[in-house]
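Values in this text are rule-based calculations from the coordinates and carry no lab data. Because the structure is a prediction, the values reported are computed rather than measured. Cβ placement follows ideal geometry from the backbone for every residue including glycine, while neighbour counts extend to all protein chains displayed.
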Amino acid sequence: MNIEHLTYFDNSSTSFPKHQSVAKAMSHYLNCIGGTYGRSFYKRSIEASAIIEDTRDKLAELMHIDNPENIVLCNNATQAINTVLKGFLKSGDHVLVSPLEHNAVMRPLKRLANNINISWSTLPANSDGLILVDEIQNHITDRTKLIIVNHVSNVNGVIQPVKQIKGAAPDIALLVDGAQSVGKEQLKCDMWSIDFAVFTGHKAIGGPTGTGGVYIKNINTTDTLIEGGTGSNSEDIVMPDYAPDKFMAGTPNMVGFAGLFAALNNPLVYNHTQADLTDLIERVKSLDGVEVICANKPENQSSLFSITHNSMNSSAISAELYSRFGVETRAGLHCAPMAHKYLNTDNTGSCRFSLSPLHTTSDLEYLYRAIKDVVK
Amino acid sequence: MRREYFVFRSTRDAIKSDRILGKTDIKYSVVPVPKEISAECGMSITTATENIERIIDTLTENSISHRHITL
């Protein structure tokens, strides 16, 4: 482990390090608060319930949502996506997806295709997967019910123009997968008329794993994924039909949400600029044998990118970076085979670098030198 | 003895009510929902009769749906 540099470049898998308040809040919950959400009247239960509702309010601020109660909290972005796809889509529906979707979207869609005859097709896009907004209408059929867009690709970091996408197809519901974006890229849900916005707590927001959720603009459109106790309306064996209880079956991850609330209150301060990221990418592009998988234009680039090499495979690059320089990266297909196929890297996979706000220009220089040395 | 209760359909509404009423000088307590009202397992707010009007006004001003019940 290199002690002079922050060598963790796998923040798209999960962010590290977290703000110190996150662990403190989780410890405080476990040691001092206890209690759980909405199950009783005593102080511990009220404090626990307040953690959940305060977290919902902070997420609403972050994602520009007017009705925080329509934010469904669950364990991760995958569960949130499953909630929408299995609760909103009906037999025979058609879905348009971006070419850079993650398996968190594609695997549930595949199951729905097998079970209830859902079909999908891919939105038109540039070579980097950036959706061609002006051509969207040509791909809508009379059965198209949903458009799904990965706001930031977890392979090449391209940022999709979700506001313009919704503007181009205002009558079709839009699901934004914000797993890689919420916490670092702007998402104005209500202003942009977003119908579903998925987030995770443990990546760009900087919270712990086991926290995530989805904003559902109109909860009447979506059936529940799971049913169970909510602490409300207990005399009825039917789930409540109002927000947020409709989607709050079972005890939430109280420890996790205590940490997430702390993370939301203590966002990390950036030690590098977008220009530093652009400079790093350009320098890596200049290395012999290296191809950088990134956005075509720097203004569409979020803080992650991948590389391939003409003679080294991605696993070897990742292993060498770690064993020789302590640089932690992720190699392979990143659970996004569809994106890799679109980017022509499905046979090789790629070695991905995903930054933390805490990385300094010195850390980026260290990374560049490590890559340069490994691929020479 | 006559007691006044306010019950809420969701935990979120109960928490919001406690937050808002806690900033006033109105005396109230958070208690379990009385069995006479429902088999509810959550929270309700109880208070003396003279506070009812102020609590209703405060909750209404803040758009918190609630039910007032006298036992």
Fill in the blank from the handout: So, over other residues within a Cβ distance under 14 Å of B:Asn51, counting Lys, Arg +1 and Asp, Glu -1, the net charge is -1
Handout entry: Least to most buried among A:Tyr368, B:Tyr28, A:Tyr42 (fewest other Cβ within 10 Å first)
Key = A:Tyr42, A:Tyr368, B:Tyr28
Problem - FRET efficiency, A:Ser362 to A:Asn266 (Cβ-Cβ, R0 25 Å, nearest 0.05) - result: 0.60
Handout entry: Relative contact order of chain A, defined on C-alpha pairs under 8 angstrom at six or more residues apart (%)
Key = 24 percent
Problem - Among A:Ser91, A:Ile71, A:Thr36 - extreme Cα towards positive end, dipole of the range A:25-92, charges at beta-carbon - result: A:Ser91
Exercise for the section: Scan around A:Ala125 for amide H atoms under 5 Å from its own, H built in the peptide plane at 1.01 Å from N, and keep only partners 5 or more places away or cross-chain. Expected result: A:Leu132
Exercise for the section: Taking the Cβ of A:Ser49 as the centre, find all other residues whose Cβ is under 13 Å away and add up their charges (Lys, Arg: +1; Asp, Glu: -1). Expected result: 0
Handout entry: chain B - percent relative contact order, Cα under 8 Å, separation 6 or more
Key = 51 percent
Completion exercise
Amide H contacts under 5 Å for A:His359, restricted to residues at least 5 apart in sequence or on another chain and with H modeled in the peptide plane, are A:Asn271
Completion exercise
Going residue by residue through the range A:96-105, the Karplus relation 6.51 cos²θ - 1.76 cosθ + 1.60 with θ = phi - 60° gives ³J(HN,Hα) values, rounded to whole Hz and with x marking Gly or Pro, of 9, 10, 6, x, 10, 6, 8, 5, 4, 8
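Among A:Arg283, B:Arg2, B:Arg12, A:Arg39, what is the fewest-to-most ranking by other Cβ atoms within 10 Å?
Least crowded to most crowded, the residues run B:Arg2, A:Arg283, A:Arg39, B:Arg12.
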Handout entry: Residue among A:Met248, A:Met26, A:Met312 with the largest mean-square fluctuation in a Gaussian network model of chain A, springs linking Cα atoms under 10 Å
Key = A:Met312
Fill in the blank from the handout: Relative to chain A, whose Cα atoms define the longest principal axis, helix A:43-63 and its Cα axis are tilted in degrees, nearest 10, by 50 degrees
Exercise for the section: Could you sort A:65-76, A:249-260 so that the peptide with the highest average Cβ count within 10 Å comes first and the rest follow in order? Expected result: A:249-260, A:65-76
Practice task
Using the Karplus curve 6.51 cos²θ - 1.76 cosθ + 1.60 with θ = phi - 60°, work out ³J(HN,Hα) for each residue of the range A:67-77 in order, rounded to whole Hz, and write x for Gly and Pro.
Solution key: 10, x, 5, 8, 8, 8, 9, 8, 7, 5, 5
Problem - Total lysine pairs under 16 Å (Cα atoms) in the range A:20-265, excluding pairs fewer than 8 apart on one chain - result: 16
Problem - Cα shape, chain A, gyration tensor, a/c 1.5 rule - result: oblate
Handout entry: Simple Cβ-charge dipole of the range A:1-129, Lys/Arg +1 and Asp/Glu -1, about Cα centre, in debye nearest 20
Key = 580 debye
Completion exercise
Inter-chain shielding metric for A:36-43, i.e. average beta-carbon neighbours from other chains within 10 angstrom, reads 5
Completion exercise
Amide H proximity to A:Ile148 below 5 Å, modelled H, separation 5+ or other chain, gives A:Leu96, A:Val97, A:Ser98, A:Leu175
Problem - the range A:274-375 - percent relative contact order, Cα under 8 Å, separation 6 or more - result: 32 percent
